[in-house]
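The values are calculated or read from the model by the stated rules, or taken from the named source; none is laboratory data. Quantities reported herein were computed from a predicted structural model and do not represent experimental measurements. Counting neighbours? That spans all protein chains shown, and the Cβs are built from the backbone with ideal geometry, glycine included.
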Amino acid sequence: MEFERSSGVLLHLSSLPNEYGIGTLGKESYEFVDLLASMGQKIWQLCPVGPTGYGDSPYQCFSAFSGNPYFISLEKLVGYRLLSEQELPAKQPRACRIDFGRLYNERIPLLYKAFENFRAGKSHLNGDKVEFFQLQNREWLDDYALFMALKKEHGGKSWLEWETDLRIRKSETLDFFRDKLSYEIDFHGFIQFLFFEQWEELKTYANSKGVKIVGDMPIYVSSDSSDAWANAEMFMFDEERRPVKVAGVPPDYFSATGQLWGNPLYNWDKLKESNFKWWIDRCKAGLKLFDYIRVDHFRGFAGYWAVPFGETTAINGEWLPARGYELFSEIKNQLGVLPILAEDLGVITPDVEKLRDDFNFPGMKILQFAFDSAEPAVNFLPHMYPINSVVYTGTHDNQTLLGWYKAAKTSDQNFAKDYLNAKEETILKDFIRAATASTAVFSIIPMQDLLGCGDEARMNVPSVASGNWQWRFDFDDLSEDMYDFFKHITKLYNRD
């Protein structure tokens, strides 16, 4: 499809300021949309918005289709009369890191209370509307709600540790638990209604302000997910539903042992037999939520690194071919032109480039990479960008721009200043200007770089299990000087 020259900001929903511990779909999201629009920005890019598990990573969700209950606005629940003001938790300082443990202990009981009030008929919500949502989404929602109920029944254990009859989804066993856990199942169906109701309202508002939302779609699902449990035939599992091979990436500059992600790998032949139905359903769901979809680890659609299950590193893997060309052809055939951005970082080979270019998907350019002499990347310099690309100063996986610059070699700093015609005291602005001025169709700046944050604001350190995804900010952190500068260059370089 044709993409319109524009710019925007990368900020996960969780990082928004809110007095109850995490950013939500409440007033802070609307304030952020207003901020973007006032600066001439047309894009808000998010990380995945699904329900997170161990490690709190949005890239390891319990479902590829569902929404994160933490993002439900408590203030809106008061407006629905599902909760009272007195039942809300104690307010927290707005610009603090997320305490996921506290969040779980406070938020989940409140959601149960809201569910109880709904069942008791105390709210404004239309029960028929809730029922209609559940009926419309039953193909994924029924399995997800049962999966979450079963996880609670099993003390949070992964489905891979459940008893055999549940693991292999014996029909009589499933029927027994559907009856036994009906309350819990209904709870999760209701919570998903709340999430999607609030999401639709926010997206409608954003679009009315000229702001489009870029959502993130990981190529793989979590091993502990309703997707893997309910669709085991789609993955490399044995007859006992145990993984045979799992996902990762081979050793590279960033890691001598590679990265062992552990996600189940697709059985592409089985996916082909169903005409890629699960993937098409997933894209349909994504296009209801987002205006554009950023596909994470795009190279895995051309070929993927398969590691035997049980390995402790990703060293002993092998490259295997995927069926990405057939998949995207079928998606295009059924859904039309695809508003997809390809995360084409890592080991990119000609077949990956061909897959990306044949479907006209914009690839990614990371400005930090252009000046790193440890792994030179000339094609990340702005004068090398094809128009059909998306430039970032950095991503959620990188150091912040200021953090990177302070840690860079003097020679790399000097190269950046020379190339950008920059001064030490204006280096952040000069990086942001270079991205905005580039020919790339989209220019997207992480919020941390607009705020001038160091690595204390880094969102994620890959392969580090804890301490990630916690950063938050306050609107007052954005200086008037940076606001004016960003608004000015957006107009100057025809991105508004």
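Some observations on this one:
- Among the candidates Asp344, Asp358, the residue that is under 18 Å from Ile387 (Cα atoms) and surrounded by fewer than 18 Cβ atoms within 10 Å (Cβ to Cβ) is uniquely Asp358.
- With respect to (1) among the aromatic types (Phe, Trp, Tyr); (2) touching an Asp or Glu at 6+ places or on another chain (Cβ under 7 Å); (3) in a helix (DSSP H, G or I), the lone exception for Phe485 is condition (2).
- Criterion: of a type outside the set (Gly, Ala, Ser), under 30 Å from Gly248 (Cα atoms) and either modelled with pLDDT under 95 or part of a helix (DSSP H, G or I) (or both) - qualifying residue of Leu174, Leu150: Leu150
- Of all residues in the range 55-94, those that are under 26 Å from the mean Cα position of the chain (by Cα) and either within 25 Å of Trp279 (Cα to Cα) or modelled with pLDDT of 95 or more (or both) total 22.
- Residue in the range 69-85 that is surrounded by fewer than 22 Cβ atoms within 10 Å (Cβ to Cβ), polar (S, T, N, Q), part of a loop (DSSP other than H, G, I, E, B) and touching a residue at least 40 places away in the same chain (Cβ under 8 Å) present: no
- Residue satisfying all of: in the range 206-226; outside any loop (DSSP other than H, G, I, E, B) and in contact with a helix residue (DSSP H, G or I) (Cβ under 8 Å, 6 or more places away or on another chain); surrounded by the most Cβ atoms within 10 Å (Cβ to Cβ) among these: Ser226
- Selection count, the range 117-147, where residues are closer than 18 Å to Asn231 by Cβ and part of a loop (DSSP other than H, G, I, E, B): 1
- From the list Gly50, Gly21, Gly55, the one residue that fits, being more than 22 Å from Leu110 (Cβ to Cβ), assigned to a loop (DSSP other than H, G, I, E, B) and not acidic (Asp, Glu), is Gly55.
- All positions within the range 153-171 that are in a helix (DSSP H, G or I) and loosely packed, with under 14 Cβ neighbours inside 10 Å: Glu161, Thr164, Ser171
- Qualifying residue in the range 351-361 (condition: touching a Ser or Thr at 6+ places or on another chain (Cβ under 8 Å) and among the β-branched types (Val, Ile, Thr)): no
- Comparison of Ala465, Ala407 shows that the only residue that is surrounded by fewer than 20 Cβ atoms within 10 Å (Cβ to Cβ) and at pLDDT below 95 is Ala465.
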